[in-house]
Amino acid sequence: MSVVIKDGFISVEEYLAGELLADTKHEYIDGDVYAMAGASKNHQSIAGNVVAEIRQHLKNTPCRPFGSDVKVKVGNQFFYPDVMVVCEDKTDNPYYTESPILVVEVLSKSTRRTDETIKRTAYQSLPSVQEYVLIEQDFVDVEVCRRSSGWVSNHYFLGDDVRFESLDFNVAVEEIYRWVDNEDMAAFLQAREAELLYTDVEE
């Protein structure tokens with residue numbers, strides 16, 4: 001992200017009004033406005049996979065998954081998480097919520113520091129948030145931090161199932177990384193193909 005504000009403090013009201021007209025999304029941190037960089041294909045694949053898996057699980061429940069176009073308000077800060085789930089929306093505003101139970105961010109070089117520091121602290125301060133998830137895109141690593149375990153990090157890799165405790169739901173790491181192009185996935189798929197060929201030969 002890069003700061004785009006030029007003339008000092010911007011109020012929350014000015015920020016929200018500006019977002020309705022802006023071509024580029026911006027996040028807001030205590031009066032400063034930050035433009036959001038475009039996402040890579042890997043980034044979009046991971047976020048899309050997570051939303052798709054969660055959406056299927058949440059059918060016929062009051063919980064709703066959202067992608068990166070809906071904001072989270074934390075005090076005087078507004079963020080666009082890659083994925084979040086809201087079960088009881090306590091906010092009337094149609095463009096943001098203050099009560100997600102699950103928040104997911106896909107890490108990139110430009111956002112890593114913010115995702116791991118400012119956003120981690122902000123999301124975990126919301127009473128509704130039960131889990132904060134950080135997903136690497138350049139290699140395979142899904143980090144889940146849960147309120148129930150004091151926000152201790154739990155890491156999941158290829159061959160594991162990720163437990164979303166807040167949704168009572170498990171999803172294979174492989175499904176989160178479907179269509180993602182990185183060295184870990186390439187090696188995993190190559191090993192699987194070799195295993196299938198070996199099985200066919202034995203039969």
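The values are calculated or read from the model by the stated rules, or taken from the named source; none is laboratory data. All of these numbers come straight from a predicted model, not from anything done at the bench. Using ideal geometry, Cβ is built from the backbone for each residue, glycine included, and neighbour counts are taken over all protein chains shown. Quick note on the areas: whole protein, heavy atoms, side chains included, nothing else; ligands and nucleic acids left out. Shrake-Rupley method; radii C 1.70, N 1.55, O 1.52, S 1.80 Å.
Before moving on, here are some points about what is shown:
- Computed over neighbours whose Cβ is under 14 Å from that of F78, the net charge equals -4, Lys and Arg +1, Asp and Glu -1.
- Relative contact order, percent, segment 17-117 [alpha-carbon distance under 8 Å, six or more residues apart]: 21 percent
- Taking the helices alone, the chain has a mean residue ellipticity at 222 nm of -9500 deg cm²/dmol, built from -39,500 (n - 2.57) per DSSP H run of at least 4 residues and averaged over all its residues.
- Orphan Cys of the chain, criterion: no other Cys C-beta under 4.7 Å: C145
- Applied to segment 158-164, the Karplus parametrisation 6.51 cos²θ - 1.76 cosθ + 1.60 on θ = phi - 60° returns per-residue 3J(HN,Hα) values of 4, x, 9, 9, 7, 9, 9 Hz, with x for Gly and Pro.
- Share of carbon and sulfur in the accessible area of segment 67-106 stands at 37%, probe radius 1.4 Å.
- Stretch gain in nm, segment L16-S153, where the contour uses 0.36 nm per residue and the Cα spacing is subtracted: 46.0 nm
- Extension gain for the segment D92 to S110, taken as residue separation times 0.36 nm less the Cα-Cα distance, is 3.3 nm to one decimal.
- Cα-derived Rg to Rh of the chain, Kirkwood definition: 1.02
- Most fluctuating residue given options D168, D181, D89, as computed from a GNM of the chain linking Cα atoms under 10 Å: D168
- Counting only alpha carbon atoms, the long axis of helix 12-21 and the longest principal axis of the chain meet at about 60°.
- Modelled spin labels at T61 and S40, positioned 7 Å past Cα toward Cβ, are 3.1 nm from each other.
- For segment 103-121 versus segment 6-78, the spacing of their alpha-carbon centroids is 13 Å.
- Taking N as the residue count of segment 82-195, its C-alpha radius of gyration divided by 2.2 N^0.38 Å amounts to 1.16.
- Contour excess over end-to-end distance, with Cα ends at L197 and F139 and 0.36 nm allotted per residue: 18.3 nm
- Using a cut-off of 23 Å between Cα atoms, the listed pairs K90/K119; K71/K109; K41/K90; K59/K119; K25/K59 include K41/K90; K59/K119; K25/K59 as exceeding that distance.
- The simple spin-label model puts a point 7 Å past each Cα toward its Cβ; for Q124 and D30 those points are separated by 1.8 nm.
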